[in-house]
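Okay, so here's the structure we're looking at.
The values are calculated or read from the model by the stated rules, or taken from the named source; none is laboratory data. Keep in mind the model is a prediction, meaning the values are calculated, not measured. Here Cβ is always computed from backbone atoms with ideal geometry, including for glycine, and neighbour counts include all displayed protein chains.
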Amino acid sequence: MTKSIKLNSGKIISMRDEINAKKKKYWSYIKAENLMSKKEIKNGLRSHDPKALYNEITQMADKLVYIKGMLFYLNMGITKFDINAFKKTNNYSIFMACELKEQIAQLKMIPTLDPKTKAQKGLKAISKEEVFTSAKIAALIKDLQLKANKFDTNMEDFNTKTEISIDGTIADDIKKDLAI
C-alpha cells in the first residue's frame, strides 16, 4: 500500500526554508573547513566532514526540487502531487537547472591549495590540508555542468516547441502586440 500525506502550502514553505537554511549553513562549513592548517586540524577545529556535507547538500537539492514542484502544483490548483508526471514538466527542468547551477557557484567559492605551489613544494612541505582539491572541484563542476546542460536543453526545447492557443478578445489584444 502506498503511503500518502497531506501538506498545506505553509508547511511546504516551512520545509523549503529549513532546507535552504541548512544548505547555506553546510556550504559555509565546507568553505571554512575545506582548507585548514595541519595545526588547526590537529587541535580538532575541523568539526565537520566536508565530503559528507556535500553529499547531504546534493540530497537536499533533489528534495528541494520536489518541494518546489509541490508548491507549483498547489499554486496551479492541483492538489495531488505526481512525482513522475512532475519530472516530465518544464518546471522540473527549471528547478533542477537552478539547483545544479547553485552547486557549481558554491563549489567555485571553496578555497583550495594552489596546484602550482603543491607541485613545487610537495604536500609534506605545505602546512595546510584540503579535503576537496582543485582537481576534485573541477571534476564535480564538470559533472554538474553536464547535468545542467541537459536541463537547459529541455527548457530550450520547451520554449521553442510548446505553444498555447489563445481565443477571444485577449487574442485580438495579443495580435496588436505582435504587430509592433
Among (1) surrounded by 14 or more Cβ atoms within 10 Å (Cβ to Cβ); (2) part of a helix (DSSP H, G or I); (3) among the aliphatic types (A, V, I, L, M); (4) more than 12 Å from the chain's Cα centre (by Cα), where does A52 come up short?
(1)
Residues in the range 10-42 that are more than 14 Å from E56 (Cβ to Cβ) and either aliphatic (A, V, I, L, M) or part of a helix (DSSP H, G or I) (or both): how many?
18
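Name the single residue, out of those in the range 107-132 being at pLDDT below 90 and not in a helix (DSSP H, G or I), that is surrounded by the most Cβ atoms within 10 Å (Cβ to Cβ).
So the first thing to find is which residues in the range 107-132 are at pLDDT below 90, and the list is 114-127.
Now narrow it down to the ones that are not in a helix (DSSP H, G or I): 114, 122, 126-127.
Working: D114: 11, G122: 9, I126: 16, S127: 11.
Per the stated criteria, the residue is I126.
Mind telling me which of the residues M76, M70, M155 ends up being out of contact with any Lys or Arg (no Cβ under 8 Å at 6 or more places or on another chain), loosely packed, with under 11 Cβ neighbours inside 10 Å and either under 30 Å from S47 (Cα atoms) or among the hydrophobic types (A, V, I, L, M, F, W, C) (or both)?
Numbers: M70 fails: loosely packed, with under 11 Cβ neighbours inside 10 Å; M155 fails: loosely packed, with under 11 Cβ neighbours inside 10 Å.
One residue alone meets the criteria, M76.
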Would a scan of the range 11-31 turn up a residue that is out of contact with any Leu (no Cβ under 9 Å at 6 or more places or on another chain) and β-branched (V, I, T)?
no
I'd like the residue in the range 136-158 that is free of Cβ contacts under 8 Å to residues at least 24 places away in the same chain and of a type outside the set (K, R) and, out of all such residues, is nearest to L113 (Cα to Cα).
A138
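Inside the range 79-89, can you point out the residues that are surrounded by fewer than 17 Cβ atoms within 10 Å (Cβ to Cβ) and within 22 Å of N20 (Cβ to Cβ)?
Step one: filter the range 79-89 for residues surrounded by fewer than 17 Cβ atoms within 10 Å (Cβ to Cβ), giving 79-80, 82-85, 87-89.
Answer for the range 79-89, where residues must be surrounded by fewer than 17 Cβ atoms within 10 Å (Cβ to Cβ) and within 22 Å of N20 (Cβ to Cβ): I83, K87, T89.
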Out of (1) surrounded by 15 or more Cβ atoms within 10 Å (Cβ to Cβ); (2) at pLDDT 95 or above, the odd one out for R46 is which?
(2)
Inside the range 16-72, can you point out the residues that are under 23 Å from K128 (Cβ atoms), of a type in the set (S, T, N, Q) and in contact (Cβ under 8 Å) with a residue 24 or more places away in the chain?
N34, S37
Just wondering, is there one or more residues in the range 98-106 that are assigned to a loop (DSSP other than H, G, I, E, B), at pLDDT 95 or above and touching a helix residue (DSSP H, G or I) at 6+ places or on another chain (Cβ under 6 Å)?
no
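Counting just the residues of the range 133-168 that are among the polar types (S, T, N, Q) and assigned to a helix (DSSP H, G or I), which one comes out nearest to M36 (Cα to Cα)? Full working, then the answer.
To start, the set of residues in the range 133-168 that are among the polar types (S, T, N, Q) comprises 133-134, 145, 149, 153-154, 159-160, 162, 165.
Retained after the next criterion (residues that are assigned to a helix (DSSP H, G or I)): 134, 145, 149, 153-154, 159-160.
On the way: S134: 14, Q145: 28, N149: 33, T153: 39, N154: 41, N159: 46, T160: 48 Å.
The qualifying residue nearest to M36 (Cα to Cα) is S134.
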